[in-house]
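Participant: Dropping a structure here in structure tokens format, bear with me for questions.
The values are calculated or read from the model by the stated rules, or taken from the named source; none is laboratory data. These numbers were taken from a predicted model, which means no experiment stands behind them. Quick reminder, even Gly has a Cβ in these numbers, built from the backbone with ideal geometry, and neighbours come from all protein chains shown.
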């Protein structure tokens, strides 16, 4: 059996595993919230953000002479260990706990306090000489610390995980767009044949869609830089030094290299989380773009003989347990499933964001969990799709050429020469008689052979030669 120690809080005494730094309130959360398997110990961004916050808080309180100087270094060292991930095993709590994140905040306070006590040679669990509430949580409330950690974690993950991964995919596609800028193919609208475009133009639209989504996400950052810290329980800053929020936020900004600041309206920053809701919506927009791209790729690669088949994508693994030789667009499928999950996460985040009452929204943990999960999934999926699918996209020139030659909508080039109605007559006759546009147009003396060849030029119809005159 595990060796246990006795810790206490305002509810009384409780047994805590002797080899863990957490204390009474964390232990009560473990016992009272056995809900699901999603745990903050798997959400290192939140744990790391709590470490950054607690280190910044102790340094701010030291500057403002709110703490004994002898306690500062041990608390700072313990917080550094949290930031480095050395104490992750001491953060066991599930997402579905108190809606303010109080238990996760206290988990951080208890772990840092007990580790700091150990550093000082004291007895773990004694709360002396360092108390989790009085010292580690000095000038703070869970109501302002947890939303502060939420913003730190989301900003960090966006910049260090998602943006590099999405930009990698974006740049891979941009290279393909340039490489195939003069590869003329059939355009499609309403899932029907349309006037020609180049494969580069098609892929270039995907690049532009990703750029738009990235711009939207980057614009959300302004709201995320505002931190609730300094508001304490309800936004008034009770029990905190008047300058605590500003000084703490400056330390956070210095530590993370992001322009965090203490929110100018902490009542807003604690009772509503609109910046997080907007970020989730921007992630959903990115997911929508990626879903469209993945579907375009798998439709274009469908076949290999009975589909559209205008592009080749990498063949990564067998596709069927019964059909020999079958290969499926698995990277497209994985990416689209991620996008669907992000849509669900956004719905949960949006609804949770609407549920603030008076001075507090008590859906904080589930909101940040869903946003962080969306960031992680999109980051991983973009990297995978780029490395195992997009990088290997190649045109199937034989199929592209065959489809282009059979495309009745090339007749659109004749509109300005013979009129819409006569051009439509050519197209319908060609379809009905199984002939080419050229054959019908010449046989019926609508145009001469030389005029048809001069006017119906698929490359000129794309205007790609105007965009790339040196090619």
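Participant: Just to verify a result, which residue in segment 8-24, among those that are outside any loop (DSSP other than H, G, I, E, B) and either at pLDDT 95 or above or not assigned by TED's automatic domain parsing to the domain that holds residue 82 (or both), is surrounded by the fewest Cβ atoms within 10 Å (Cβ to Cβ)?
Facilitator: Across segment 8-24, the extreme among qualifying residues is 12.
Participant: Would you mention how many residues in segment 28-58 are in a helix (DSSP H, G or I) and crowded, with 22+ Cβ neighbours inside 10 Å?
Facilitator: 14
Participant: Given the structure, is residue 309 surrounded by 17 or more Cβ atoms within 10 Å (Cβ to Cβ), touching a helix residue (DSSP H, G or I) at 6+ places or on another chain (Cβ under 8 Å), in a loop (DSSP other than H, G, I, E, B) and at pLDDT 95 or above?
Facilitator: So residue 309 fits the description; yes.
Participant: Give the residues of segment 391-403 that are in contact with a helix residue (DSSP H, G or I) (Cβ under 6 Å, 6 or more places away or on another chain) and either surrounded by 18 or more Cβ atoms within 10 Å (Cβ to Cβ) or free of Cβ contacts under 8 Å to residues at least 24 places away in the same chain (or both), sorted by residue number.
Facilitator: 393, 395
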